[in-house]
Amino acid sequence: MTKYLRLRAACGAVLVTVGLAASSCASAPDAVLETGSRNLHCPRRELEVALNRETAQVREYAVACNFMYTRVHCTKGGCRSAPLEPPCVGNLPCFEEDPVTLEWRLPEKERMAYAANHPATPAAH
């Protein structure tokens, strides 16, 4: 009798796991699966997807397969791979992530200083 209950519990655990995996992908937009599949070189059926964070303009999904993951940003314009964080180099200013767009940018003070030292040149025609 206990052998039957153990087998039944094991089957129930497998069904719950499969159900969670299927529902995690079912709620993600197709573009998230397509982008994740392309970046990770995995078939769509093997992807695990979770909403990582959300702002007023961007939904960021974490897409994983084979112990690797990538981040995908979705906006009203579509989904694309999330930009990588630029490295800090020497004594140059580090980039900051915009909390609304999730894009990397130089802090305002550094952008103004750079613009003052590098005036825009008109494009040659």
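The values are calculated or read from the model by the stated rules, or taken from the named source; none is laboratory data. All values derive from a computational prediction rather than experimental measurement. Every residue, glycine among them, receives a Cβ derived from its backbone with ideal geometry; neighbour counts consider all protein chains shown.
A few notes on this one:
- Residues of the range 85-123 classified as more than 20 Å from Glu54 (Cβ to Cβ) and assigned to a loop (DSSP other than H, G, I, E, B), total: 18
- Residue within the range 56-78 that is at pLDDT 95 or above, in contact with a Phe, Trp or Tyr (Cβ under 9 Å, 6 or more places away or on another chain), among the small types (Gly, Ala, Ser) and outside the structural domain of Glu103 (by TED's automatic domain parsing) present: yes
- Those residues of the range 49-84 which are within 14 Å of Pro29 (Cα to Cα) and outside any strand (DSSP E or B), in sequence order: Val58, Lys76, Gly77
- Members of the range 54-63 that are in contact (Cβ under 8 Å) with a residue 12 or more places away in the chain and either surrounded by 17 or more Cβ atoms within 10 Å (Cβ to Cβ) or charged (D, E, K, R) (or both): Val58, Arg59, Glu60, Tyr61, Ala62, Val63
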